[in-house]
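The values are calculated or read from the model by the stated rules, or taken from the named source; none is laboratory data. Since the structure is predicted, the reported quantities are computational estimates derived from the model, not experimental observations. Reconstructed Cβ throughout: ideal geometry from the backbone, glycine too, with neighbour counts over all protein chains shown.
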Amino acid sequence: MSGIRLNQVTLAATDMSASIAFYQKLGLRLIVDSAPRYVRFEFPPSPVGGEPATLSLHGAPNDWQADDYAPLIYFELDDIDAFIKDTGLNPLTPPEDKSYLWREADIVDPAGNRIRLFQAGKNRRHPPWRVS
């Protein structure tokens with residue numbers, strides 16, 4: 001299978017204004033604004049080309065709770081430590097080097113959705129144990 005790529009992920013938002021500000025702080029560009037029901041963002045262009053991925057938020061009631069089965073979204077960065085410092089984000093834990101050669105830190109958006117920031121470089125697609 002070829003040509004598959006992340007196009008859109010939809011997450012719940014209990015406070016749409018706070019969520020919009022949060023994702024704009026991460027560098028996403030608002031491209032559809034039907035708040036408070038729905039908004040959609042576009043990621044910055046990739047240095048390797050292709051269409052940028054998108055993220056949408058759907059309004060949710062205030063009593064909505066993220067649980068252990070909620071979506072986990074991965075946002076790739078070139079320098080996770082600099083990004084966290086530059087944005088003033090407070091991750092759940094400091095960036096940590098993992099045994100699978102990624103550096104990661106988790107953050108939570110205003111609705112409780114967990115987001116994993118990661119830096120993997122060539123190890124994202126080409127770790128030493130890659131099969132093919």
Within segment 43-64, considering residues that are loosely packed, with under 12 Cβ neighbours inside 10 Å and not acidic (Asp, Glu), the one nearest to the chain's Cα centre (by Cα):
Pro44
Among the residues of segment 90-112, which ones are assigned to a loop (DSSP other than H, G, I, E, B), closer than 27 Å to Pro127 by Cβ and touching a residue at least 12 places away in the same chain (Cβ under 8 Å)?
Pro91, Leu92, Thr93, Pro95, Tyr100, Leu101, Trp102
Output the number of the condition that Pro91 fails; it satisfies all remaining conditions of (1) over 16 Å from the mean Cα position of the chain (by Cα); (2) modelled with pLDDT of 95 or more.
(1)
Of the conditions (1) at negative phi; (2) in a loop (DSSP other than H, G, I, E, B); (3) surrounded by 14 or more Cβ atoms within 10 Å (Cβ to Cβ), Phe75 clears all except one; give me its number.
(2)
Answer with yes or no whether Arg37 is buried (at least 16 other Cβ atoms within 10 Å of the Cβ) and either on the phi > 0 side of the Ramachandran plot or touching a residue at least 12 places away in the same chain (Cβ under 8 Å) (or both).
no
Test for Arg130: is it among the charged types (D, E, K, R), closer than 28 Å to Ser17 by Cα and outside any helix (DSSP H, G or I)
no
